[in-house]
Amino acid sequence: MSNTAFLSLEKLTLAYGDTVAVKDLDLSIRQGELVAFLGPSGCGKTTTMRSIAGLLRPQSGRISLDGADITRVAANKRSVGLVFQSYALFPHLTVFENVAFGLRLKGLSGTELESRVDAGLKSVGLTSFAARKPAELSGGQQQRVALARSMVMEPKVLLLDEPLSNLDARLRLEMRAELQRVQKETGVTMIFVTHDQGEALSLADRIVVMLNGAIEQIGTPEDIYNRPASAFVADFVGFENIFAIENGRLRAGNGPIELAMPLPHDAAGLAWRPRMVTLGSGPFQGTVRGAAFSGSTREYLLDTPLGALKAEVDAAAPAHSAGTTLAFDLPVEKAAKLERFN
Amino acid sequence: MNSRLFPVVVLFLVTAFLIGPFFIIVAASVSGGETLAFPPQGLSLKWVAKVFQVESFRESFAMSMLLAIGGTGAALVLGIPASYALSRYRLPFGETIRTVVALPIIVPGIIVGLALLRYLVVPFRFNITLALFLAHTALVLPYAVRVVSASLNNLRSDIEEAAVLLGSSRAGAFFRVVMPNIRSGILAAFILGFVTSFNQVPVSLFLSGPGVRTLPIDMLSYMEITYDPSVAALSALLAFMSIGIVFIAERFLGFSRYV
């Protein structure tokens with residue numbers, strides 16, 4: 001993996017008619033990286049991916065791939081593969097012919113074509129399905145055909161649109177392993193789009209969190225999970241207690257709250273996961289409004305001077321019923337320090 | 001009446017109503033008598049044989065075939081790209097275009113025929129055969145657009161993008177992945193258009209001239225002069241031809257899915 005940018009987007013602005021979907025986006029991706037575009041629907045992640053594929057012409061900005069400016073290069077000349085969320089297999093062609101489609105257009109035929117297609121099908125474990133039509137395959141199998149169809153073209157970048165979202169839990173695990181294996185074996189640069197943070201965290205080398213057509217944070221899964229840069233990212237990765245800092249104090253529903261520890265002066269806010277909240281001791285008081293048992297842990301919803309708060313404790317600890325008043329603390333050293341509060 | 005029996009009786013009556021005339025025509029066509037009559041007098045195939053000896057029938061049959069095949073072909077050449085554009089792009093006035101394309105079904109044929117005669121053929125001495133061809137193309141176009149649109153709407157548009165990303169051009173993607181998947185819809189549209197055109201009377205009635213006549217019009221005028229069973233024989237033959245076409249279409253395409 002080299003450190004120079006393999007795929008780079010510079011000041012990319014994308015629009016549908018008058019609606020700007022992505023504004024001035026800058027991003028560079030290294031060769032062989034597995035990158036996730038993560039964000040809620042409408043954040044511009046799919047739009048950005050489509051512009052990399054060449055299916056959407058940017059309004060302004062530049063896309064370069066492997067040292068060449070491809071902003072104006074047609075989609076069929078880019079060496080970019082895309083595995084569609086719906087798989088988009090050709091229904092009238094067999095699995096073999098689906099995988100052979102692009103190779104035939106390249107002028108391959110005869111035994112060379114056959115061996116390339118066979119290798120592609122073998123790599124996704126579908127050799128025995130070559131003669132079937134897509135309609136005779138399960139969703140997971142169809143997706144693997146779509147993956148093989150893109151991979152036999154040896155693309156410089158492989159894009160995947162929500163690759164795991166249509167699969168059931170067991171297949172999802174399988175496909176995740178499959179994608180990691182393909183990426184490892186071929187070294188292809190992969191970008192996948194997802195709205196599921198779990199998917200992004202478990203699969204990607206680097207995550208690009210997007211919101212409202214702009215990048216909210218870029219980082220490794222550990223960065224994103226442990227050090228969210230903004231309130232939005234914190235919320236997205238499961239920090240459920242998020243507070244802004246105002247004049248060195250936490251802003252809360254009933255006025256600012258003083259914490260025992262001095263607050264970091266360079267943070268715009270602090271965020272705690274429910275299990276970072278200390279329950280049973282501390283300077284604050286809260287009333288239990290509700291509790292949820294989830295096997296290994298128990299989650300409490302508390303009414304506190306800070307507003308509603310979520311705390312999670314080991315289920316082995318004795319349960320508290322609704323209405324009980326409990327002491328709690330928000331340990332500053334455990335909190336994620338947010339650079340931006342939005 | 002038994003409640004189970006009632007629907008069966010209704011079904012029988014409706015079927016008899018629909019198919020009855022066909023049996024009467026077939027029976028009348030094998031009559032041995034000299035006039036068109038039911039029940040037939042005697043049994044003979046001489047009127048069936050006569051159909052093939054009447055020269056005007058041969059000529060008007062050729063004309064009708066030419067119009068049905070040519071007109072439907074032209075309607076598809078116009079209709080397939082139109083359907084594609086209407087279903088894939090958000091066109092300005094898309095709904096208006098859809099309505100205009102459907103007009104020939106809505107406007108009575110008599111009016112279309114009269115209008116073409118009065119404002120195209122008469123003032124401009126427009127060639128009647130050409131006018132017939134244009135009229136039949138327009139009459140079939142709504143069916144072509146409707147049936148082809150139905151198959152296009154059942155086809156995901158992302159397969160075209162997939163084809164493009166695999167190296168195909170936009171036009172190539174249309175011919176490689178769209179056309180093969182709407183082929184049965186196109187054939188269904190062709191058959192529907194063919195039958196519509198072949199059976200067309202009101203428009204063709206106005207657009208007839210010396211030596212230019214479609215088969216149904218020719219049969220009408222034949223009957224006005226000669227009231228013999230050969231018209232019944234010809235009708236029966238045409239009905240068998242239509243049944244044959246629909247049967248083949250159903251067998252190979254699952255025709256009924258599209259209409």
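The values are calculated or read from the model by the stated rules, or taken from the named source; none is laboratory data. Note that this is a predicted model, so its numbers are computed, not measured. Note that each Cβ is placed from the backbone with ideal geometry, even for glycine, and that neighbours are counted across all protein chains shown. Ligands, DNA and RNA are stripped out before the accessible areas are found, and what is left, the full protein with its side chains, is counted by its heavy atoms. Shrake-Rupley method; radii C 1.70, N 1.55, O 1.52, S 1.80 Å.
What residue among B:Ile191, B:Ile245, B:Ile217 shows peak mean-square fluctuation when chain B is described by a Gaussian network model with Cα springs under 10 Å? Comparing B:Ile191, B:Ile245, B:Ile217 in a Gaussian network model of chain B, the most mobile one is B:Ile245.
With both residues required to sit in the protein assembly as shown, DSSP beta bridges show an antiparallel share near 75%. These residues, B:Leu36, A:Leu126, go from largest to smallest accessible area, 1.4 Å probe, as B:Leu36, A:Leu126. What you get for segment A:233-338, charging only the Cβ of Lys and Arg (+1) and of Asp and Glu (-1), is a dipole of about 80 debye around the Cα centre. Between B:Gly71, B:Gly33, B:Gly167, where does the largest GNM mean-square fluctuation fall for chain B, given springs only between Cα atoms within less than 10 Å? Greatest mean-square fluctuation among the candidates belongs to B:Gly167. Using a probe of 1.4 Å, the accessible surface attributed to B:Tyr227 totals some 120 Å² when neighbouring protein chains are kept in position.
B:Val9 contributes an accessible area of around 50 Å² to the protein surface, as traced by a 1.4 Å probe with all chains present. The fraction of accessible area contributed by carbon and sulfur in segment A:233-338 is 51 percent, rounded to a whole number (1.4 Å probe; ligands and nucleic acids excluded). A Förster radius of 51 Å, combined with the Cβ-Cβ distance separating A:Ser128 from B:Ala102, puts the computed FRET efficiency at roughly 0.55. Largest accessible area first, the residues A:Ile215, B:Ile106, B:Ile182 order themselves as B:Ile106, A:Ile215, B:Ile182 under a 1.4 Å probe with ligands, DNA and RNA left out. Spatially, segment A:152-220 and segment B:40-109 are offset by 53 Å when compared through their Cα centroids.
Contact with the other protein chains removes 30 Å² or more of accessible area, compared with the isolated chain and a 1.4 Å probe, from these residues of segment B:163-188: B:Val164, B:Leu165, B:Leu166, B:Gly167, B:Arg176, B:Val177, B:Asn181. The largest accessible area among B:Leu18, A:Leu103 belongs to the first residue in B:Leu18, A:Leu103, and the rest follow in falling order (1.4 Å probe, all chains). Got a sec? Charge dipole of segment B:51-257, +1 on Cβ for Lys and Arg, -1 for Asp and Glu; which of B:Gly79, B:Leu152, B:Phe126 is way out at the positive end? Ranked along the dipole, the leading option is B:Leu152. A Gaussian network model of chain A, with springs between Cα atoms under 10 Å, assigns the largest mean-square fluctuation among A:Pro134, A:Pro155, A:Pro305 to A:Pro305.
The mean number of Cβ atoms from other chains found within 10 Å of a Cβ in peptide A:85-92 is 6, as a whole number. Counting only residues at least eight positions apart within a chain, or on another chain, the lysines with an alpha carbon under 18 Å from that of A:Lys122 are A:Lys133, A:Lys184. Within the accessible area of chain B, the carbon and sulfur atoms contribute 71%, probe 1.4 Å, all protein chains present. For chain A, the antiparallel share of DSSP beta bridges with both residues in that region comes to about 70%. Rolling a 1.4 Å probe over the protein heavy atoms leaves A:Lys310 with an accessible area of roughly 60 Å².
What's the buried accessible area, both sides, between A and B using a 1.4 Å probe, rounded to 100 Å²?
1600
Probing with 1.4 Å while keeping every protein chain in the model, the per residue accessible area of segment A:53-128 equals 45 Å².
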